[in-house]
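Data block below; observations after.
Each value in this text was obtained by applying a stated rule to the coordinates, not by laboratory testing. Quick caveat: nothing in here was measured; it's all calculated off a predicted structure. Note: ideal-geometry Cβ built from the backbone for every residue, glycine included; neighbour counts use all protein chains shown.
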Amino acid sequence: MKLLHIDSSVLGPHSVSRQVSAAITDRLAKATPGLAVTYRDVATAPLGHLSGSHLAAAQGAAPDAALQPDLAAGQAVLEEFLAADIVVIGAPMYNFSIPSQLKAWIDRILVAGKTFKYNDKGVVEGLAGNKRVIVAISRGGFYGADTPMAAGEHLETYLRWVFGFIGVTNLEFIAADGIMVGPELREKAVAGALQAATDLRAA
Ligand SMILES: Cc1cc2nc3c(=O)[nH]c(=O)nc-3n(C[C@H](O)[C@H](O)[C@H](O)COP(=O)(O)O)c2cc1C
């Protein structure tokens, strides 16, 4: 069984989402003999943003030599995602949504014919439904349905849509909220998220 672990926070050792995604991976690795873990850090080794040249290369045009390493990285990202049985993602909220580095990763895995397709009625069909996806999210404030900030939540809602679009129904979120409100709330949120990671069902 294969687990792909992605991190995207720019805050290195101070990151909450990194701490929680590591705890999730650790929990599943300990509970699953022989689990093969692949790690990708899209903050320290960012993928390029999609350009017209990327799209032309995908249509068969000969790419510039300068684009080759990024195209190869994009192909590797897609292949390791397709091969994974479990995907663990550390996803902080930056300006109400995911970090742009994580968006660049998503831009490489949402590929027609690989992770989704349109059927003859024009209805989308996800092709990646065989995976369990667990997302560790961390947010500075609170975005619950009963809060004034609810309409500004484009992190969890966006990721739910993205993974639903490609057919993933086995999707779990572990959230650490209120990280920037004060030290006590931060401590409580991190402890709660780490406990949720420990309590995850085994693979
Ligand atoms: C650039 C930046 C933008 C942020 N934007 C928001 C935001 O829009 N809403 C929010 O609740 N918190 C925001 N925060 C706070 C983070 O969501 C919070 O610190 C969280 O713990 C970040 O995850 P990390 O610790 O894994 O990096 C922002 C933090 C940074 C560094």
(request) Let me have the 222 nm mean residue ellipticity of the chain computed from DSSP H runs of 4+ only, each contributing -39500 (n - 2.57), with the sum over all residues rounded to the nearest 500. (result) -11500 deg cm²/dmol
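Treating only the Cβ atoms of Lys and Arg (+1) and Asp and Glu (-1) as charged, compute the dipole magnitude of the chain about its Cα centre; round to the nearest 20 debye.
Dipole of the chain, to the nearest 20 debye: 280 debye.
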(request) Have a look at 65, 136, 56 and tell me which one the Gaussian network model of the chain (Cα, springs below 10 Å) gives the largest fluctuation. (result) 65
(request) Using θ = phi - 60° and the Karplus relation 6.51 cos²θ - 1.76 cosθ + 1.60, list the HN-Hα couplings for region 78-93 in order, rounded to whole Hz, with x at every Gly or Pro. (result) 5, 5, 6, 5, 4, 7, 7, 8, 10, 10, 10, 10, x, 10, x, 8
(message) Report the number of Lys pairs in the chain whose alpha-carbons are under 26 Å apart, with separation of 8 or more residues or on distinct chains.
(response) 13
(message) Can you tell me what percent of all Cα-Cα pairs in the chain are more than 33 Å apart?
(response) 16
(request) Could you pull out the longest piece of the chain with no exposed loop trypsin sites (Lys or Arg not before Pro) in it, calling a site exposed if DSSP puts it outside H, G, I, E, B and it has at most 11 other Cβ atoms within 10 Å? (result) 1-120
